[in-house]
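Peer 1: Before we start, here is the structure in question, set down as structure tokens.
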Amino acid sequence: MGFYEFRRQLEYKCELYGSELIIVDRWFPSSKTCSRCGNIKESLSLSERVFNCEHCGFSCDRDLNASLNLAQAVSLLRNANANDRDSLRTG
């Protein structure tokens, strides 16, 4: 199954069960952003499995850091008013 079909099915199931599907912009730098201080790295290679922030010294698994950033983005989108949502979300 491709991503389009996966997303289509997610949208269908959310509508069916009364859930909200929140889409974060595909270019949101979730892996490059420090989940503690918000500093964004200029580059981060795929081989780097541990995120280390040079700004605040925070260190954790790269995927955990990205998931924390996505959770924060979803929280912001949920709390944003309708006008703000259009500028934060694509889809």
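The values are calculated or read from the model by the stated rules, or taken from the named source; none is laboratory data. Fair warning: this is a prediction, and the values are worked out from it, not measured in the lab. Here Cβ is always computed from backbone atoms with ideal geometry, including for glycine, and neighbour counts include all displayed protein chains.
Peer 1: Only one of these conditions is not met by Gly38: (1) modelled with pLDDT of 95 or more; (2) over 22 Å from Asn69 (Cβ atoms); (3) not charged (D, E, K, R). Which number is it?
Peer 2: Of (1) modelled with pLDDT of 95 or more; (2) over 22 Å from Asn69 (Cβ atoms); (3) not charged (D, E, K, R), only one is false for Gly38: (2).
Peer 1: Can you find even one residue in region 64-81 that is small (Gly, Ala, Ser), surrounded by 15 or more Cβ atoms within 10 Å (Cβ to Cβ) and modelled with pLDDT under 95?
Peer 2: yes
Peer 1: Suppose we filter region 5-35 for residues that are more than 17 Å from the chain's Cα centre (by Cα) and at pLDDT 95 or above; how many remain?
Peer 2: 12
Peer 1: With the requirement that a residue be hydroxyl-bearing (Ser, Thr, Tyr) and assigned to a loop (DSSP other than H, G, I, E, B), what does region 5-49 give you?
Peer 2: Once the filter is applied, which keeps residues that are hydroxyl-bearing (Ser, Thr, Tyr) and assigned to a loop (DSSP other than H, G, I, E, B), region 5-49 yields Ser19, Ser30, Ser31, Ser35, Ser43, Ser45, Ser47.
Peer 1: Separate question: Scan region 25-54 for residues that are acidic (Asp, Glu) and touching a Leu at 6+ places or on another chain (Cβ under 8 Å) and jot them down.
Peer 2: Residue satisfying the conditions is Asp25 alone.
Peer 1: Under 8 Å between Cβ atoms, at least 6 apart or on separate chains: pull out the pairs that start in region 59-76 with a residue that is without any contact (Cβ under 8 Å) to a residue 24 or more places away in the chain and end on any residue that is part of a helix (DSSP H, G or I).
Peer 2: Here the result reads Leu76/Leu88, each pair linking region 59-76 to a residue that is part of a helix (DSSP H, G or I).
Peer 1: Mind checking which residues of region 36-49 are more than 27 Å from Asn79 (Cα to Cα), surrounded by 11 or more Cβ atoms within 10 Å (Cβ to Cβ) and within 18 Å of the chain's Cα centre (by Cα)?
Peer 2: Of everything in region 36-49, just one residue is more than 27 Å from Asn79 (Cα to Cα), surrounded by 11 or more Cβ atoms within 10 Å (Cβ to Cβ) and within 18 Å of the chain's Cα centre (by Cα), namely Leu44.
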